[in-house]
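Report on the following structure.
The values are calculated or read from the model by the stated rules, or taken from the named source; none is laboratory data. Please read these numbers as outputs of a predicted model, since none were measured by experiment. Neighbour counts run over all protein chains shown; Cβ positions are idealised from the backbone, glycine included. Just so you know, the surface numbers come from the protein's heavy atoms only, side chains and all, with ligands and any DNA or RNA stripped out. Shrake-Rupley method; radii C 1.70, N 1.55, O 1.52, S 1.80 Å.
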Amino acid sequence: MDIRKEFLEFFESKGHGIVESSPLVPDDATLLFTNAGMVQFKSIFAGQESIPEPPRAASCQTCIRAGGKHNDLDNVGYTSRHHTFFEMLGNFSFGDYFKAEAIDYAWEFVTKRLKLEVEKLYVTVHESDDEAYAMWQKHVDKERIYKFGDKDNFWQMGDTGPCGPCSEIFYDQGESFDSEEDVMGGEGDRYLEIWNLVFMQYDRDGEGNLNPLPKPSIDTGMGLERVQSIIEGKSSNYDSSLFMPIINEVEKLTGKAYVYDQGASYRVIADHIRAVSFLLAQGVNFDKEGRGYVLRRILRRAVRHGFLLGLRKPFMHKLVDIVVKLMGDHYSYLGQKKAHIEEMILLEEERFFTTIEAGIDLFNKELAGTDGVFSGEVAFKLYDTYGFPLDLTQDMLREKGLGLDTDTFDAFMKQQRERAKAAWKGSGDAEASGDFKAVKEELGVNDFIGYDTLRVETKVAALFDTAFQRVETLAGEGWVMLEQTPFYAQSGGQAGDSGEIEGFGSVLDTKKFFDLNLSQVKLDATLQEGMAVNAAVSAYRDEITRHHSATHLLHAALRDILGEHVTQAGSLVEHDRLRFDFSHPKALSAKQLEQLENRVNDQVARAIERKTELMGIEQAKARGAMALFGEKYDEQVRVVDFEGASIELCGGTHVHNTSEIGLFLITKESGVSAGVRRIEAICSKAALHFVKQQRSTLTQIEKEVKNSDPMQGIGKLKAQIAELKEQIKQLQFSAKQELSSEEIKGTTVVVDTIEGGNIKEVVDEIKNRHESVAVMLFMKKGDKVLIAAGAKNCAVKAGAWVKEIAPVLGGGGGGRDDFAQAGGKDPSKLDVAIKEAKTFAKATIDL
């Protein structure tokens with residue numbers, strides 16, 4: 001049974017709009033990942049956006065719970081139900097139907113469509129929700145309806161805001177589950193929760209009071225993986241057809257049969273390859289922080305479990321194919337991105353397998369100095385820096401009969417979690433809240449007319465203070481909404497417009513909030529709602545437009561030269577620069593950068609006319625227009641076409657002809673994260689300014705090197721430097737020859753001062769010239785003294801020698817038997833130190 005299809009068709013028949021799964025990276029500054037079906041509707045439930053039409057929806061939402069507040073990562077593989085990646089089926093009502101219909105729909109679907117046995121179904125309600133309790137008795141005997149408190153049956157979005165009781169449907173898996181926890185309300189697996197119906201009927205205020213909502217709503221969630229296992233009669237999600245084909249592939253790779261009780265590593269790998277594949281397909285890349293770091297942790301955890309199964313070479317990339325076969329029909333982008341996913345995983349695996357080997361080296365070094373209990377700090381370093389699993393470290397210690405300082409390890413882990421929690425500040429985007437919904441419902445969305453009009457006479461539709469609260473008049477700083485606006489709101493990487501409200505003040509920036517185009521202003525005179533004003537965009541717009549069109553040409557050139565795996569991973573377009581991030585596994589060569597620059601400049605010289613059309617999204621894709629994953633597009637999309645050079649879906653501003661772009665120069669190519677590169681470039685006036693600067697710098701270099709050919713002049717300087725270095729080296733060597741020495745029982749003893757050079761190299765040089773030698777050198781450095789000692793084939797131990805002499809100079813140090821270093825703070829005692837060093841060496845050799 002295709003449960004996804006059954007669910008969506010069922011609710012479509014009930015008048016629900018079918019909504020596609022939103023991206024795993026949510027349009028929500030407070031969340032790391034999309035972790036529930038309601039995330040994409042959060043602003044509607046919170047009253048920040050208008051209710052859509054129809055006012056009911058259904059979706060199959062991809063979710064990740066592997067970071068932040070909702071983190072199941074450590075449990076995955078060790079329980080039958082936890083996953084990092086899962087699919088949540090949900091139906092939603094936005095002030096439309098409520099409890100009765102939600103209960104009826106849920107019961108009809110599970111009993112008629114899924115055909116689950118009625119006698120195996122149980123229901124819970126909130127202890128105060130007599131209404132739901134009565135409604136359920138229409139379908140279920142009251143003996144199978146349980147009441148629980150807030151902990152189990154009350155849901156809220158946050159400390160304040162929409163909330164309400166919930167009702168859950170449970171499935172009885174049978175008496176084979178017989179632990180103390182296998183009761184309704186327990187933690188066992190016998191009674192398995194399959195569907196949660198949230199009745200959003202209250203608004204909790206700042207004092208904790210529950211105020212009834214005028215239009216209660218419904219939010220439900222049902223885990224696809226759980227339902228699939230029940231339909232197939234499996235006691236674990238991992239035994240279902242969603243996971244077993246992946247586990248079977250792991251069996252082939254390891255050559256070992258999967259046994260459930262010992263199979264945690266197989267389950268970890270099967271779960272994690274799904275999460276990694278979807279995140280990479282949706283544009284998340286391996287990184288040192290944020291979402292990319294969570295992606296890296298998921299993959300490395302899987303690789304560690306492969307290591308425990310005996311795999312010593314990259315293997316995760318080989319499992320992408322089976323994930324695509326299982327899920328690619330419903331999520332077509334998996335197949336489209338398959339090669340990219342495999343390549344990114346392979347590169348990360350290769351890095352990590354190298355890290356594991358380095359971790360083993362660290363383990364062995366620490367082991368050499370361990371007596372009884374292995375350092376918890378080093379174990380944490382193995383875990384955190386080298387990705388070593390704690391259980392692997394413990395297994396290796398058990399083989400040596402050693403224990404582990406787990407208290408210290410746990411303390412470091414706690415510190416890390418606190419740092420990670422403190423470091424996550426959301427996506428970094430400002431999350432504005434204000435009177436947007438009311439304004440939108442009253443006035444509608446204002447019109448952007450700035451594609452071709454940069455100055456317009458218009459009216460002030462609404463004014464907001466700096467906290468986005470609506471005001472009738474505004475002085476100083478705040479935000480203005482114009483009925484018709486020429487100012488482009490920041491979007492798609494293009495910077496928001498600046499300019500002026502003539503006679504009133506400056507427009508500093510322009511942004512979009514809930515589809516309202518608002519301009520940030522700094523006023524010299526007071527504005528009032530309804531005022532007629534003249535609004536003018538600054539001259540920066542022309543330069544922004546040129547850089548935006550250049551970005552399109554660059555994107556197309558990258559795909560032509562590097563391959564179609566290149567996809568946009570981010571962009572910034574300003575008046576004096578552009579920045580373009582794209583998926584690619586390695587740095588670009590100088591030749592490739594030259595090809596890109598030449599390609600764009602050639603298309604600029606060809607003077608290609610820009611064509612802009614509105615059309616349906618599917619028609620646009622059929623024309624070859626590039627669409628970005630996760631972007632929300634209207635039914636009608638704007639297609640920007642530089643014929644034969646670039647065609648993209650884009651709402652930004654662009655030149656009429658590529659010749660307007662002017663000179664295009666790439667200024668930098670760098671890595672952003674694993675698998676993501678960045679090109680920074682300039683064009684038009686910024687490029688002209690850059691060339692003038694470079695020319696001025698070149699003239700200055702010619703003067704400095706006193707040569708009209710700078711490279712020739714630099715070559716002469718390098719030759720002079722090399723000659724001077726050789727002279728210094730010879731002087732240092734000659735200084736070494738003059739050091740005083742004496743022979744004691746066949747051992748050469750050298751104790752002296754040197755004026756300069758590398759003190760360690762001088763010690764090594766002396767050791768190389770003698771069969772048996774003990775050498776200690778001193779070198780003044782300002783008000784300090786450097787000490788270096790070496791020993792070779794003699795009774796003197798350098799480390800002990802340094803420890804004995806350094807205190808004479810008010811310092812300390814130590815090292816190995818053959819070489820040691822120290823520092824002193826009292827140069828006035830240098831003569832005493834030399835004398836005592838000679839005495840120590842003689843006494844040691846004479847023993």
Problem set entry | For Ala66: the one exception among (1) open to solvent by less than 10 Å² (accessible area, probe 1.4 Å); (2) under 26 Å from His139 (Cβ atoms) | (2)
Problem set entry | Tally of residues being closer than 22 Å to Glu574 by Cβ and touching an Asp or Glu at 6+ places or on another chain (Cβ under 6 Å) across the range 467-497 | 4
Seminar exercise, completed: Being free of Cβ contacts under 8 Å to residues at least 24 places away in the same chain and either under 15 Å from the mean Cα position of the chain (by Cα) or more than 15 Å from Leu24 (Cβ to Cβ) (or both) narrows Glu348, Glu342, Glu251 down to just Glu251
Problem set entry | Members of the range 762-817 that are open to solvent by 70 Å² or more (accessible area, probe 1.4 Å) and of a type in the set (Lys, Arg) | Arg769, Lys780, Lys781, Lys784, Lys797, Lys803, Arg816
For this session: Report the residue count in the range 528-584 for those that are assigned to a strand (DSSP E or B), touching a His at 6+ places or on another chain (Cβ under 7 Å) and open to solvent by 10 Å² or more (accessible area, probe 1.4 Å).
Result: 1
Seminar exercise, completed: Of (1) in contact with a strand residue (DSSP E or B) (Cβ under 8 Å, 6 or more places away or on another chain); (2) open to solvent by 50 Å² or more (accessible area, probe 1.4 Å); (3) at pLDDT below 90, Gly372 satisfies every one except (2)
Problem set entry | Leading residue by the ranking (farthest from the chain's Cα centre (by Cα)) among those in the range 505-516 that are open to solvent by less than 40 Å² (accessible area, probe 1.4 Å) and free of Cβ contacts under 8 Å to residues at least 40 places away in the same chain | Gly505
Problem set entry | Per-region count, the range 653-672, residues surrounded by fewer than 21 Cβ atoms within 10 Å (Cβ to Cβ) and either modelled with pLDDT under 95 or assigned to a strand (DSSP E or B) (or both) | 9
Exercise. What tally of residues in the range 261-296 results from selecting those that are open to solvent by 10 Å² or more (accessible area, probe 1.4 Å) and either β-branched (Val, Ile, Thr) or in contact with a His (Cβ under 6 Å, 6 or more places away or on another chain) (or both)?
Worked result: 3
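Going through the range 288-319 one residue at a time, which ones are in contact with a Ser or Thr (Cβ under 8 Å, 6 or more places away or on another chain) and not in a helix (DSSP H, G or I)? If you could, list the steps in order and put the result at the bottom.
Filtering the range 288-319 for residues in contact with a Ser or Thr (Cβ under 8 Å, 6 or more places away or on another chain) gives 288, 292, 298, 305-306, 308-311.
Lys288, Leu309, Gly310, Leu311, listed by residue number.
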Exercise. Name the helices (runs of 4 or more DSSP H) wholly within the range 679-779 that hold at least 1 residues that are at negative phi and at pLDDT 95 or above?
Worked result: 684-705
Seminar exercise, completed: Selection from the range 192-228 of residues open to solvent by less than 50 Å² (accessible area, probe 1.4 Å) and without any contact (Cβ under 8 Å) to a residue 24 or more places away in the chain yields Gly208
Problem set entry | Residue identified as surrounded by 15 or more Cβ atoms within 10 Å (Cβ to Cβ), in contact with a Phe, Trp or Tyr (Cβ under 8 Å, 6 or more places away or on another chain) and closer than 24 Å to Pro585 by Cα among Leu346, Leu334 | Leu334
Problem set entry | Residue match in the range 1-24 (condition: part of a loop (DSSP other than H, G, I, E, B), open to solvent by less than 50 Å² (accessible area, probe 1.4 Å) and in contact with a Cys (Cβ under 8 Å, 6 or more places away or on another chain)) | yes
For this session: Search the range 822-847 for residues being touching a helix residue (DSSP H, G or I) at 6+ places or on another chain (Cβ under 7 Å) and not hydrophobic (A, V, I, L, M, F, W, C), and hand back the single one that is most open to solvent (accessible area, probe 1.4 Å).
Result: Lys825
Exercise. Which residues, counting only those in the range 360-389, are closer than 13 Å to Phe307 by Cα and part of a helix (DSSP H, G or I)?
Worked result: Ile360
For this session: List the number of the failed condition for Leu847; all other conditions in (1) modelled with pLDDT of 90 or more; (2) among the aliphatic types (A, V, I, L, M); (3) over 20 Å from Gly757 (Cα atoms) hold.
Result: (1)
For this session: For the range 85-95, state whether one or more residues are surrounded by 17 or more Cβ atoms within 10 Å (Cβ to Cβ), without any contact (Cβ under 8 Å) to a residue 60 or more places away in the chain and either under 41 Å from the mean Cα position of the chain (by Cα) or under 20 Å from Cys166 (Cβ atoms) (or both).
Result: no
Seminar exercise, completed: The correct count of residues that are part of a helix (DSSP H, G or I) and open to solvent by 40 Å² or more (accessible area, probe 1.4 Å) in the range 229-244 is 3
